[in-house]
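Enquirer: Here you go, one structure.
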Amino acid sequence: MKNSSSPYVVTFVICLLLWLLLTASFAADELISGVIISLVVSIISAPKMKILNGLRLHLGFFLGLLSYLWYFFMALIKANFDLAKRVVSKDMKLHPDVVEIKTTMQSDLGKLFLANSITLTPGTLTVDVVGDSLLVHWIDVPKNSDINTSTQLIVAKFEKYLKGFLK
Amino acid sequence: MHFIGDLFILFGAVFIFLGAVGLIRMPDVYNRIQVGTKGVTLGAIGILFGLFLIHPLWWSKLLVILGFTLLTSPVSSSAISRAFYRSGIKVWHKKEDDIKDSEGEVKVSDNKEKDS
Amino acid sequence: MTFIEIIAMLLIGMSALIGLYRLIFGPTNPDRIVATDALNLIASVVLVLLALFFDSVLYLDVALVYAVLSFVGMIALARVIESKADDSSKEQEES
């Protein structure tokens, strides 16, 4: 039962949350119209929202989300200081190449979040996702790197945090 | 509080500026995508946070804009880079070892002219 | 409008000019697309700052809609480039 109804509930909660954030009021009429609209939208669109199956709905969901967001912001700020150093210095220490890495995330949503995190962290940019492997453009590839070491360097820590709330 | 918010806005503006400078200085398309996306995204986050400190009552809309920016800006840059990669644009390589570091700048400008 | 905000606005204006340089004189077309991507985000940041300067929350809505539309436009552009690439590779295989 839980499997069949959970996409509807998740879509409804997301729609209602977005409505509340955008109207920023708890007046009765706006709240009622928001509930009705989110209900209609979730009934229509939930069967097609297969991407939401990647969510792991359990008790530690918000804790996992928050710890991931914290780590992500730290990585983003580190990435930008690294980038600033590169842009200001005379030779930019560029050894760019496209490397391939393996991911253990199974759902599409997990891959989406992983690709976003890779794009916003130091010197890496997701170029393509094919099945289980991601093509990553790396701005400064270390010498003698193969698929295992680059997987370790780029995605290992992110996957640890993402596994907290995604499949 | 207004002053701290101003500082965050300045922080964001500096990173947007660095991203734009990187857009000029980087040698090939993929590096430019990286620098543009990262610099401008962190700049947008800084400015939104500074605005939140100045006007705390606007938090809900600022949060929506922040979430949307964080979710979509990497997606759009990834989509563009995938399109470039599939249409066969090559990755720029520095000729290793036979160029000293001080000549890196010369090499970069050479490569730009070859592109055009 | 304080002094720091004016400096921040100047920096953002300069980065928009740099992006425009890349947009107009960019050596190849992909460079122009990348510049458009960065300029879209800069424009929506400027709209957010206008909300601060004119002290009106309406500009935040404008910034949100601008961000949504620019995202849709970039995705459409990427799709067009990709389909063209697929077509040309098919033609090469046939010929």
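Enquirer: So how much accessible area does A:LYS167 have, in Å² to the nearest 10, using a 1.4 Å probe?
Expert: Surface accessible to solvent at A:LYS167 totals approximately 100 Å².
Enquirer: Additional query: Please count, across segment B:2-109, the pairs of lysine residues with Cα atoms under 30 Å apart that sit 8 or more places apart or on different chains.
Expert: Taking the Cα cut-off of 30 Å, the pair count is 10.
Enquirer: Name the shape class, rounded, prolate or oblate, that the alpha-carbon gyration tensor gives for segment C:3-94, where a ≥ b ≥ c are the square roots of its eigenvalues, rounded holds for a/c under 1.5, and otherwise prolate holds if a/b is larger than b/c and oblate otherwise.
Expert: Numbers: a/c = 6.63, a/b = 2.02, b/c = 3.28.
Verdict is oblate for segment C:3-94.
Enquirer: Would you work out which of C:LEU58, A:GLN106, B:HIS93 lies farthest towards the positive end of the dipole of the protein assembly as shown? Charges go on Cβ: Lys and Arg +1, Asp and Glu -1.
Expert: Final value for the positive-end residue is A:GLN106.
Enquirer: Counting only pairs 8 or more places apart or on different chains, how many lysine pairs in segment A:1-95 have C-alpha atoms closer than 30 Å?
Expert: Close lysine pairs found across segment A:1-95: 5.
Enquirer: Cα axis of helix C:3-25 to longest principal axis of chain C: angle in degrees, 0 to 90, nearest 10?
Expert: In chain C, helix C:3-25 runs at an angle near 20 degrees to the longest axis.
Enquirer: Can you tell me how segment A:61-162 classifies by the Cα gyration tensor, rounded, prolate or oblate, using a/c under 1.5 as the rounded cut?
Expert: oblate
Enquirer: Cut-off 11 Å, label point 7 angstrom out along Cα-to-Cβ of A:GLN152: give me the residues of segment A:77-107 whose amide nitrogen falls inside.
Expert: none
Enquirer: Long-range amide H contacts for A:VAL127: which residues qualify at under 5 Å (H placed 1.01 Å from N, peptide plane, sequence gap of 5 or more or a different chain)?
Expert: A:LEU135, A:VAL136, A:HIS137
Enquirer: Given the convex hull of the Cα atoms of the protein assembly as shown, what is a quarter of its surface area in nm²?
Expert: Averaged projected area of the protein assembly as shown's Cα convex hull equals 22.0 nm².
Enquirer: Let me ask another. Using Cα-Cα distances under 8 Å and only pairs 6 or more residues apart, what relative contact order does segment A:57-167 have, in percent?
Expert: On the way: 137 pairs, mean separation 42.2, N = 111.
Computed value for segment A:57-167: 38 percent relative contact order.
Enquirer: How many Å² of accessible area per residue for segment A:2-48, probe 1.4 Å? Before the final figure, lay out each step's value.
Expert: Details: 3130 Å² over 47 residues.
With the other protein chains kept in place, segment A:2-48 gives 67 Å² per residue.
Enquirer: Using a Förster distance of 25 Å, how high is the FRET efficiency between C:PHE54 and B:HIS2, based on the Cβ-Cβ distance and rounded to 0.05?
Expert: 0.95
Enquirer: Interface size between chain A and chain B, please: total buried accessible area, 1.4 Å probe, rounded to the nearest 100 Å².
Expert: Working: alone 11130 and 8690 Å², together 16180 Å².
Roughly 3600 Å².
Enquirer: In debye, nearest 20: dipole of segment B:2-109 around its Cα centre with unit charges on the Cβ of K, R (+) and D, E (-)?
Expert: It comes to approximately 420 debye.
Enquirer: Would you mind classifying segment B:2-109 by shape? Square roots of the alpha carbon gyration tensor eigenvalues, ordered a ≥ b ≥ c; an a/c under 1.5 is rounded, otherwise it is prolate if a/b is larger than b/c and oblate if not.
Expert: Oblate shape, in that a/c is at least 1.5 and b/c is the bigger or equal ratio.
Enquirer: Report, largest value first, the span of the C-alpha coordinates of segment A:2-48 along each principal axis, in whole Å.
Expert: Extents along the principal axes: 33, 16, 15 Å.
Enquirer: I would also like to ask the following. Give me the angle, in degrees from 0 to 90, between the Cα long axis of helix A:108-119 and the longest principal axis of the Cα atoms of chain A, rounded to the nearest 10.
Expert: For helix A:108-119, the angle is close to 40 degrees.
Enquirer: In whole angstrom, note down how far apart the Cα centers of segment B:12-61 and segment A:1-54 are.
Expert: 31
The values are calculated or read from the model by the stated rules, or taken from the named source; none is laboratory data. In this text the structure is predicted, and so the values were computed from the model without any measurement. Note that we place each Cβ from the backbone using ideal geometry, even for glycine, and neighbour counts take in every protein chain shown. We work out accessible area using only protein heavy atoms, side chains counted, and drop any ligands, DNA or RNA first. Shrake-Rupley method; radii C 1.70, N 1.55, O 1.52, S 1.80 Å.
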